Amino acid sequence: MYRAPQVAAENTTALYAIEPEPGDWAYALDDPPEIYGPGWYPFHRHVTRPVPHDGAPLRLPRLERTGRTEPRPVRISPNTAYRAWHNEYVTLFGYRDDARVLARTHLYVSPCTVRSAEFGIDLRKKSITVPEACPDNLRQQAEEKARRVLAFLLAARAERRRGLASPHGILHAEMRPRSE
C-alpha cells in the first residue's frame, strides 16, 4: 500500500557520494527486467507457487507460474554509466491498482555525506511530490531527480503501449541484446 514519501532527519556517511551529473541524461533500468504488466505501474513479475517435485535433490519443490503478475520494485540509474555510484541509484515501488509510485534514493550533500529521501510520482496526474521536510538546499536536487524518474516511467509505459512484453529501450545499453 502506498504511503507518503519521507526524508531522513539527518545526513549519513557515504564514502563514495558524488554530485549529480549536470546536463542532458535520463534514467535507465539496470535491474534484470522481467515483464511489463497491467495497470499504471509497468514493471511486473510472474507470480509463482511451489509444486512438489519428487525427482529434485532434497525433494525441493519447483516453482510454477500461476498466470498472474504483480508489481515488482526496480532499480534505475543515470544512463551515463552502467555501474552507478551509491547515491545515483533510485529504487521504484509500484502498487497494484494505484497510479502512485514511491521512489527511494540518496541526495548528495557533500563528498562523503548523503541524505536518504523518497519522493512520490503520480502517473495519472503526471506529477511529482517531494516531502515538505526536504531541506531547502536539497530540494532542487530532489525535484530534478523526481522529474527524471517521471520521464523514465512515462517512457516505460509508452514502450509497453507499443506492444513490447518486457523492457527494451529503457534498459541500460550494456543490458540490451548484443545484436543492437
Those residues of the range 95-106 which are within 25 Å of THR13 (Cβ to Cβ) and in contact (Cβ under 8 Å) with a residue 40 or more places away in the chain amount to LEU102, ALA103, THR105, HIS106
Identify the single condition in (1) out of contact with any Ser or Thr (no Cβ under 7 Å at 6 or more places or on another chain); (2) surrounded by 13 or more Cβ atoms within 10 Å (Cβ to Cβ); (3) not in a loop (DSSP other than H, G, I, E, B) that HIS44 does not satisfy, given that it satisfies every other one. (1)
Can you tell me which residue among PRO32, PRO5 is within 17 Å of the chain's Cα centre (by Cα), farther than 20 Å from GLU118 by Cβ and part of a loop (DSSP other than H, G, I, E, B)? PRO32
Are there any pairs with C-beta distances below 9 angstrom linking a residue in the range 31-46 that is at positive phi to a residue that is surrounded by 20 or more Cβ atoms within 10 Å (Cβ to Cβ) and not in a strand (DSSP E or B), with the two at least 6 apart or on different chains, and if so which? none
Give me the pairs, please: first residue somewhere in the range 138-155 and within 20 Å of ALA9 (Cβ to Cβ), second residue anywhere and crowded, with 18+ Cβ neighbours inside 10 Å and among the hydroxyl-bearing types (Ser, Thr, Tyr), beta-carbon distance under 7 Å, and either six or more positions apart or on two chains. GLN141/TYR108; LYS145/THR105
Kindly provide the set of residues from the range 64-94 that are buried (at least 17 other Cβ atoms within 10 Å of the Cβ), farther than 19 Å from ALA8 by Cβ and touching a residue at least 40 places away in the same chain (Cβ under 8 Å), ordered by number. VAL74, ILE76, SER77, PRO78, ASN79, ALA84, GLY94
Just one of (1) surrounded by 14 or more Cβ atoms within 10 Å (Cβ to Cβ); (2) out of contact with any Ser or Thr (no Cβ under 9 Å at 6 or more places or on another chain) trips up GLY55, so point out which. (1)
Residues of the range 105-119 being hydrophobic (A, V, I, L, M, F, W, C) and part of a strand (DSSP E or B), in sequence order, are LEU107, VAL109, VAL114, ALA117, PHE119
Looking at the range 113-144, which of its residues are under 11 Å from ASN87 (Cβ atoms) and not polar (S, T, N, Q)? VAL114, ARG115, ALA117
Looking only at strands (runs of 3 or more DSSP E) that lie completely in the range 61-104, which have at least 3 residues being at pLDDT below 95? 62-71, 74-78
Which ones in the range 155-178 are assigned to a helix (DSSP H, G or I), closer than 12 Å to ALA28 by Cα and either modelled with pLDDT of 95 or more or within 15 Å of the chain's Cα centre (by Cα) (or both)? ALA155, ALA156
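The values are calculated or read from the model by the stated rules, or taken from the named source; none is laboratory data. Bear in mind the structure is a predicted one, so any value in this text is a computation, not a measurement. Cβ: placed from backbone, ideal geometry, glycine included. Neighbour counts: every protein chain shown.
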